[in-house]
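Shown next, in structure tokens, is the structure this report addresses.
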Amino acid sequence: MKTLNNHTLLYDEDCPMCNIYTSGFIKSKMLDSNGRKPFPRITATEQNYIDVERAKNEIALVDNLNQKVFYGIDGLLKVIGNSFPLVEKIGNFKPVNFILKKLYKFISYNRKVIAPSQKKMANEIECIPTFNTKYQLFYIGFATLFTVIVLYYYSKTIIFLPNATFSRELLLALGQIGFQYLFIQKITKQNQLTYIGNLVTISIMGSLILLPILLLNSFFNLNDYFILAWFGLTVNFMIYEHYRRIKLLNFTKYLTLTWILYRIIALIIILNF
């Protein structure tokens, strides 16, 4: 790899995705050993030429010699393009660049509901993206649709349940959001969307755990009890993850109980109607 020297990425140290790809740039020698730095360590001098608020939303790549800054996908393309010029050329092609920037923002604005972090002390700088209702609602819609598709096909493999329908799974997913909303009406709209964002992320995590079994079952005839047991283990993991997240975000802990209650009610309805 060709190393891009004297450039530093200011990354969100609490974001697992940011940690993975920035450390990957260092390990692959696409950046030198000083090629990344946690956002809270930004210096007073750097704040004179870095748009700090923008850097919270789009990771900043700082040219330390020329004090020039590249944000978001432009910075990533510069790092990758130093080793793979063709990738940078394709990435800067206007239609492709437009899509990449939208995708980047979709992930970046939602990274705190994808992987929440504990609030820091009042005197510490935090790398928290600006709250963006449009991107959060789009994420909630995308996550819900993905979950419904996976659950629809997985439910078909569980012979102990009535025949699955797409509309049933869609109603169950939307019903979960609506049911939980009844218990979060008194918190701010921003916190409501933050909670729902975390709620659908848990659903995505559960769907991703089910997906390998779903794929395996399309090639091999897996035991029915194994499929059911895997589903049960997945639900237990989701309960744990729900509790972990609301504790981390300081939301009311009984939300986990209402989440479980909805699942029980939904199961009773499915089995009897």
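The values are calculated or read from the model by the stated rules, or taken from the named source; none is laboratory data. Note that the coordinates shown come from a computational prediction; the quantities given were computed from them, not determined experimentally. We place every Cβ from the backbone using ideal geometry, glycine too, and count neighbours over all the protein chains shown. The accessibility values were calculated without ligands, DNA or RNA, using every heavy atom of the protein model including side chains. Shrake-Rupley method; radii C 1.70, N 1.55, O 1.52, S 1.80 Å.
Could you tell me what percent of the DSSP beta bridges with both partners in the chain are antiparallel, to the nearest 5? Display every interim value, and only then the final one.
Values: 8 of 12 bridges.
About 65 percent, rounded to the nearest 5.
With only Lys, Arg, Asp and Glu charged, each at its Cβ (+1 for the first two, -1 for the last two), find how big the charge dipole of the range 1-89 is about the Cα centre; round to the nearest 20 debye.
Working: 11 positive and 11 negative charges, 70 e Å.
I would put it at about 340 debye.
In order along the range 32-40, the Karplus-derived 3J(HN,Hα) couplings, from 6.51 cos²θ - 1.76 cosθ + 1.60 at θ = phi - 60°, round to 6, 4, 9, x, 9, 8, x, 3, x Hz, and Gly and Pro are given as x. One decimal place: the segment Gln67-Leu137 gains 21.6 nm when fully extended, by the rule 0.36 nm per residue minus the C-alpha distance. For the range 101-227, the solvent-accessible area works out to 55 Å² per residue, with a probe of 1.4 Å and every protein chain left in place. Here is the list for the range 81-154: trypsin sites (Lys or Arg not before Pro) lying in DSSP coil, each with at most 13 other C-beta atoms within 10 angstrom of its C-beta, are Lys119, Lys120. Less than 5 angstrom separates the built amide H of Leu31 from those of Leu4, Ile26, all sequence-distant by 5 or more or on a different chain.
Amide H to amide H distances under 5 Å link Leu9 with Arg36, Lys37, Val62, where only residues 5 or more positions off or on other chains count and H is placed in the peptide plane. 3J(HN,Hα) along the range 52-67: 4, 5, 5, 5, 6, 8, 10, 3, 9, 9, 9, 7, 5, 7, 9, 6 Hz, from the Karplus curve 6.51 cos²θ - 1.76 cosθ + 1.60 with θ = phi - 60°, whole Hz, x for Gly and Pro. Percent of Cα pairs in the range 65-212 per distance bin of 5 Å, from zero to the largest separation: 2, 8, 13, 15, 14, 14, 13, 9, 6, 4, 2, 0, 0, 0. Hydrophobic, long helices, defined as DSSP H runs whose alpha-carbon span along the helix axis is 18 Å or greater and whose mean Kyte-Doolittle value is at least 1.0, occur in the chain at 189-217, 254-272.
Taking the chain as a Gaussian network, where each spring joins two C-alpha atoms under 10 Å apart, which residue of Val148, Val235, Val200 fluctuates the most? Sorting by GNM fluctuation, first place goes to Val235. Put a dot 7 Å past the Cα of Leu86, heading toward its Cβ, do the same for Ile239, and the two dots end up 5.2 nm apart. Surface composition of the chain: carbon and sulfur atoms hold 65% of the protein heavy-atom accessible area at a 1.4 Å probe.
Enclosing the Cα atoms of the chain in their convex hull gives a volume equal to 162 cubic angstrom per residue. What's the long-distance tail for the range 126-216, i.e. % of Cα pairs beyond 16 Å? When all Cα pairs of the range 126-216 are counted, 59 percent exceed 16 Å.
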